[in-house]
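A short write-up of the structure that comes next.
Values in this text are rule-based calculations from the coordinates and carry no lab data. Remember, it's a predicted structure, so these values are computed and weren't measured experimentally. Don't worry about glycine lacking a Cβ; one is built from the backbone with ideal geometry, like all the others, and counts go over all protein chains shown.
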There are 2 protein chains.
Amino acid sequence: MLNSKAFKALAHPVRRDILKRLRNGRLSAGEIAEAYDMSKPSLSTHFAVLKQARLIQSERKGNHIYYRLNVTVADEVVSALMDVFGTQKDNHKEK
Amino acid sequence: MLNSKAFKALAHPVRRDILKRLRNGRLSAGEIAEAYDMSKPSLSTHFAVLKQARLIQSERKGNHIYYRLNVTVADEVVSALMDVFGTQKDNHKEK
DNA sequence: TTGCTAATTAGATAATATGTTAAATAGCAA
DNA sequence: TTGCTATTTAACATATTATCTAATTAGCAA
């Protein structure tokens with residue numbers, strides 16, 4: 001299942017936090033790493049997990065690598081979770 | 001965080017599947033176990049993980065133990081996930 | 001090329017998760 | 001009590017995940 005990796009990726013609090021930081025646009029690996037008291041290779045591993053799950057996408061610009069949220073997959077995962085719980089899905093995009 | 005355990009619990013496909021089975025009402029441990037090609041102790045461990053995450057609740061009735069979805073926590077987790085992704089939240093309960 | 005910065009990959013290790021079989025617990029009924 | 005059923009807990013093996021330091025790759029500029 002496509003979503004199986006995504007759910008695993010979401011299991012780690014640091015990875016969920018990284019995704020939150022990407023809600024408002026792209027950030028470089030370094031910009032993200034600054035926020036954590038953790039080695040860069042460890043963060044890099046988290047990026048790789050998120051990328052494998054297709055929750056984020058990367059783009060190199062010079063010698064920075066920018067990450068951004070993959071909104072399409074994010075929406076799919078929300079839907080999948082709602083399906084797990086049988087949550088009522090709502091068509092409106094309001095408020 | 002309360003939801004951290006829930007996200008971890010959701011990382012395993014069997015556990016997500018168990019939750020789906022509970023969407024339409026309670027089931028006994030044995031009824032659930034029938035559906036999987038896995039030992040009962042393994043399933044029991046999965047129940048324990050879901051219970052610790054408060055995603056399910058249990059109730060003994062005779063010598064059966066019934067599990068049911070904790071809808072309140074399920075809703076909280078959906079909201080938490082939407083928060084992670086910055087998903088637009090919708091107030092309507094329609095369709 | 002050399003040097004600098006940004007980031008990843010490699011390799012080791014510790015911690016956590018998953019699954020098994022065997023044993024224990026709990027309820028019910030003869 | 002004894003025996004039967006349902007389920008969990010214990011003990012343990014193995015697989016996966018998380019983290020670190022050290023090494024490597026990639027881009028850019030003098």
What's log10 of I(q)/I(0) for chain A at q = 0.17, 0.18, 0.25 Å⁻¹, Debye sum over Cα points only, no solvent? -0.76, -0.83, -1.35
Please order B:Y36, B:Y66 by the number of other Cβ within 10 Å, starting at the fewest. B:Y36, B:Y66
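Near A:V14, within a Cβ-to-Cβ distance under 12 Å, what is the net charge of the other residues, with Lys and Arg +1 and Asp and Glu -1?
Values: positive: A:R15, A:R16, A:K20, A:R21; negative: A:D17, A:D37.
Net local charge, A:V14 excluded: +2.
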Using a 10 Å cut-off around each Cβ, can you sort B:R23, B:R54, A:R60 from fewest to most neighbouring Cβ atoms? A:R60, B:R23, B:R54
Using modelled amide H (1.01 Å from N, peptide plane; none on Pro or chain starts), what sits under 5 Å from the amide H of A:L27, excluding residues fewer than 5 places away? A:Y67
Based on the Cβ-Cβ distance of A:R60 and B:V71, what FRET efficiency does E = 1/(1 + (r/R0)^6) give at R0 = 41 Å, to the nearest 0.05? 0.35
How long are the semi-axes of the equivalent ellipsoid of the protein assembly as shown, defined as square roots of 5 times the Cα gyration tensor eigenvalues? Whole Å, largest first. 34, 20, 13
Defining the label point at 7 Å along Cα→Cβ, can you sort the distances from A:A29 to the same site in each other copy, shortest first, in nm? 4.7
Around B:H64: net Lys/Arg minus Asp/Glu count, Cβ-Cβ under 14 Å: +2
Amide H partners (placed H, <5 Å) of B:H12, local residues excluded: none
By how many nm would the segment from A:R23 to A:K89 grow when fully extended, if each residue of separation counts as 0.36 nm and the alpha-carbon distance is taken off? 21.6 nm
Which of B:V84, A:V78, B:V71 comes first, and how do the rest follow, when ranked by fewest Cβ neighbours within 10 Å? B:V71, A:V78, B:V84
Tilt, helix A:40-52 to longest principal axis of chain A (alpha-carbon atoms), in degrees rounded to tens, equals 30
